[in-house]
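Trainee: Sharing a structure here in structure tokens format.
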Protein chains: 2
Amino acid sequence: MQQLDKLDYKILEMMQVNNTVSQRDIGEAIGLSAPAVQRRITRLRETGVIRQDISIIDPEYLGSPITIVVQVEMETDKVTIINETKERFRKTPQVQQCYYVTGEVDFMLIIMVFTMKEYEALTHELFFNNPGIKRFKSSISMDIVKYGLAFPMPK
Amino acid sequence: MQQLDKLDYKILEMMQVNNTVSQRDIGEAIGLSAPAVQRRITRLRETGVIRQDISIIDPEYLGSPITIVVQVEMETDKVTIINETKERFRKTPQVQQCYYVTGEVDFMLIIMVFTMKEYEALTHELFFNNPGIKRFKSSISMDIVKYGLAFPMPK
DNA sequence: TGGTATTTTGCAATTTTGTTTCATTTTTGA
DNA sequence: TCAAAAATGAAACAAAATTGCAAAATACCA
């Protein structure tokens with residue numbers, strides 16, 4: 001993907017908040033025709049700038065969701081162990097996000113489950129059954145103050 | 001919103017991964033006509049089960065994004081102070097997510113910036129200029145292992 | 001259990017949106 | 001300055017979403 005211009009930024013800015021706006025409306029907002037907008041969106045998707053298009057679901061309507069921020073400390077820095085662990089986290093559906101971080105701990109996880117029983121089982125699966133893991137600390141969320149993936153466009 | 005049924009779950013399951021699939025395709029996958037799917041989606045949106053529809057953008061294409069997990073500890077538990085702080089986090093565009101958590105710290109933030117200068121300025125704005133905040137700890141992400149908001153449907 | 005009211009559904013028609021074509025304009029690079 | 005490449009808008013086209021309506025399924029109550 002060659003350099004993005006200001007029009008691309010504006011399109012991304014709109015779509016990272018609402019990707020159901022029509023190309024006509026986007027075009028009107030930024031001063032382009034619908035086909036021009038459509039070509040840009042297609043290219044943004046093909047090149048991976050737009051990585052995914054999703055609905056954000058409010059889990060409150062599906063039960064009593066429990067969000068937990070988990071800090072994971074590893075025994076070792078061995079690349080193979082780290083990579084295996086990453087792969088396991090990636091494949092676990094309850095893990096919404098996983099960051100490999102600097103500092104005292106190695107991983108930060110955002111996990112969502114619907115019961116504590118489910119979380120307990122998950123900790124066994126993810127942590128206790130994994131010899132590479134030294135310890136983990138769970139912080140339970142009492143309030144999801146902000147929830148999204150949007151960020152300000154640079155410059 | 002009255003009780004969701006299995007068909008709603010399936011629709012949500014599909015759309016939380018890709019909300020550009022056509023209603024016809026969804027209908028085919030779950031055994032409903034396109035209009036039936038459309039009515040369900042409309043209701044899911046109106047009632048807030050589907051909270052938002054967005055494009056996920058890969059910030060790598062816009063510069064050198066820096067993701068930071070920040071743990072924030074407050075001086076006090078006073079509700080007004082806590083609420084003001086929540087509101088500030090909510091309104092800050094660089095804050096992607098904010099969880100109010102149990103344990104040693106009070107808030108967990110996922111922050112994205114494009115330069116350390118920007119982060120430094122942000123810490124002043126959010127933390128140093130806020131007397132309610134006792135201390136904060138930044139963990140810089142070296143690798144975003146997993147990145148999303150999807151979760152497994154219950155049951 | 002039987003009957004009625006309510007809701008949900010599919011089909012067909014309509015409307016809106018997305019996509020393609022093509023000639024023109026703009027930008028790029030030599 | 002000029003030629004090649006890229007991007008654009010208008011119009012035509014295709015596909016998707018939406019609406020109206022009658023039939024089927026479900027829920028409710030006597």
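Trainee: Picking from B:Val69, B:Val79, which residue would you name as being in contact (Cβ under 8 Å) with a residue 60 or more places away in the chain and assigned by TED's automatic domain parsing to the domain that holds B:Gly132?
Mentor: B:Val69
Trainee: Would you call A:Met112 at the interface with another protein chain (Cβ under 7 Å from one of its Cβ atoms) and either under 30 Å from B:Ile11 (Cβ atoms) or free of Cβ contacts under 8 Å to residues at least 12 places away in the same chain (or both)?
Mentor: yes
Trainee: If you don't mind, another one. So which of A:Ile66, A:Ile81, A:Ile57 ends up being of a type in the set (A, V, I, L, M) and closer than 28 Å to A:Glu13 by Cα?
Mentor: So the residue among A:Ile66, A:Ile81, A:Ile57 that is of a type in the set (A, V, I, L, M) and closer than 28 Å to A:Glu13 by Cα is A:Ile57.
Trainee: For B:Ser22, state whether it is under 20 Å from A:Glu46 (Cα atoms), more than 15 Å from DNA strand D (Cβ to nearest atom), under 26 Å from the mean Cα position of the chain (by Cα) and not acidic (Asp, Glu).
Mentor: No, not satisfied.
Trainee: Another question about this same structure. What are the pairs with Cβ atoms under 6 angstrom where one residue, in region A:19-46, is among the small types (Gly, Ala, Ser) and near DNA strand C (Cβ under 7 Å from one of its atoms) and the other, located anywhere, is at pLDDT below 95 and in a helix (DSSP H, G or I)? Sequence gap at least six, or different chains.
Mentor: none
Trainee: If you scan region B:102-142, which residues turn out to be more than 18 Å from the chain's Cα centre (by Cα) and under 16 Å from A:Cys98 (Cβ atoms)?
Mentor: Across region B:102-142, the qualifying residues are B:Ser139, B:Ile140, B:Met142.
Trainee: Could you please find all residues in region A:96-109 being touching a residue at least 24 places away in the same chain (Cβ under 8 Å) and surrounded by 20 or more Cβ atoms within 10 Å (Cβ to Cβ)?
Mentor: Residues satisfying the conditions are A:Asp106, A:Phe107, A:Met108, A:Leu109.
Trainee: So for region B:14-21 (the condition being surrounded by fewer than 20 Cβ atoms within 10 Å (Cβ to Cβ), more than 7 Å from every other protein chain (Cβ to nearest Cβ) and within 30 Å of B:Ser139 (Cβ to Cβ)), does at least one residue qualify?
Mentor: no
The values are calculated or read from the model by the stated rules, or taken from the named source; none is laboratory data. Given the structure is predicted, the values throughout are model-derived calculations rather than measurements. Every residue, glycine among them, receives a Cβ derived from its backbone with ideal geometry; neighbour counts consider all protein chains shown.
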